[in-house]
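Bear in mind that the values in this text are calculations on the coordinates, not laboratory data. Since the structure is predicted, the reported quantities are computational estimates derived from the model, not experimental observations. Cβ sites come from the backbone with ideal geometry, for glycine too, and all protein chains shown count toward neighbours.
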Amino acid sequence: MAINQESKLGFNSYPVNGEEPRWKVQGLQEMAPLKSLEQHHPHIDSSFQSFCASLGILSVEDFLLNDHYEFAAIAERQPNSERIKQGIREIFSIIDGQRQPLLNGMELLDDALRNKLVLSTGCDGIDLLLEGGLREGQLTELVGPSCSGKTQVCLQAASNVAKNQMGHRVIYIDTSNSFSPQRIACFVDLAEGRRLQNVMNNIFCRSVFDIFTMFRVLHQLESNMRSQRGPQMVRLIIVDSISSLITPILGGSGSQGHALMVTNHTVGGEGGVPKPALGETWKSIPHVRLLLSRDRENNATSVSIVKHSSMASGTTASFVISGR
């Protein structure tokens, strides 16, 4: 979709500044190149980086995979051993800062029972299945083969939330050029021109085609959301499709008052049974996993719960995307 076509319909392109990412988004620092940390962590300087590079350590992830005892022993023999030790302590401090706080049972129960916002997707079958829709603070994954309706659900959810949440914003991260303003318009009553304009103005689309751009988008989004309150707050983040990127980066419990929905492809499992792509690393991250399949004869989409923290797996429903 050309940018000028989106602009005619009132769409916003999500702004990302050009600054170097500080790798403060939850789950990203362990993948950060050491060089990217130098600006904000003075002990991880060029001398420390050169020492690490001589041992094949170029990122925090490499550091975690290294034998720390051997690393410390080699560092001890260096002329600038104290400086290297300071760098090591700084990296451990960075890693410690990424840990989630320990919560006791009552705190977890209180969090589960708290009256969190539920966002209707606009798809009756999914809303019925999830007892209202997408829940604040949860990552919902839509899994299915090509043409099963994943993108259509994302577009309808974006339209519905932008329309019904009193100006709250939707962030749509598009990794495969599948975003369609025309489809969004189909979900809104075109007779109400002002309403359509409001919906369009509350959806911010950002095209992302590599993991480094995703880092920058998430970092900027996190920074913006720290200061957002009231009617302009981000209510829903959509990533379509997460499987197009290297993606063990969206975990964590900090919801910042929004719901997160991502799409994923399927691959062949044992006995030919389809399973979500991205393997074991990604498997445990989503709170909710829904499997979509489409019946081309009657144009209906069926959805079943594969994973849910509080609902039974295997429950199914069906729906038809309006405007097809």
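Miscellaneous remarks
- Gyration tensor verdict on the range 153-214 (Cα atoms; rounded if a/c is under 1.5, prolate if a/b is larger than b/c, oblate otherwise): prolate
- Per-peptide average of other Cβ atoms within 10 Å, ordering 140-153, 42-55 highest first: 140-153, 42-55
- Two-site FRET efficiency, Cys186 against Ile95, from Cβ-Cβ distance with R₀ of 51 Å, rounded to 0.05: 0.60
- Spacing of the two label points (7 Å from each Cα toward its C-beta) at Ser46 and Arg195, in nm: 6.2
- Applying 1/(1 + (r/R0)^6) with R0 = 35 Å to the Cβ-Cβ distance of Phe212 and Asn299 gives a FRET efficiency near 0.35.
- Mean projection of the Cα convex hull over all viewing directions, computed for the range 53-172: 13.1 nm².
- The calculated FRET efficiency for the pair Glu82 and Arg226, based on their C-beta separation and a Förster distance of 35 Å, comes to about 0.45.
- Computed from label points 7 Å out along Cα-Cβ, the spacing between Gln39 and Asp111 is 3.1 nm.
- For peptides 209-222, 72-85, sequence by mean Cβ density within 10 Å, most packed first: 209-222, 72-85
- Packing-based ranking, highest mean first, of 168-181, 306-319 given that Cβ atoms within 10 Å are counted: 168-181, 306-319
- Relative contact order %, the range 62-142, counting alpha carbon pairs below 8 Å whose residues are six or more apart: 16
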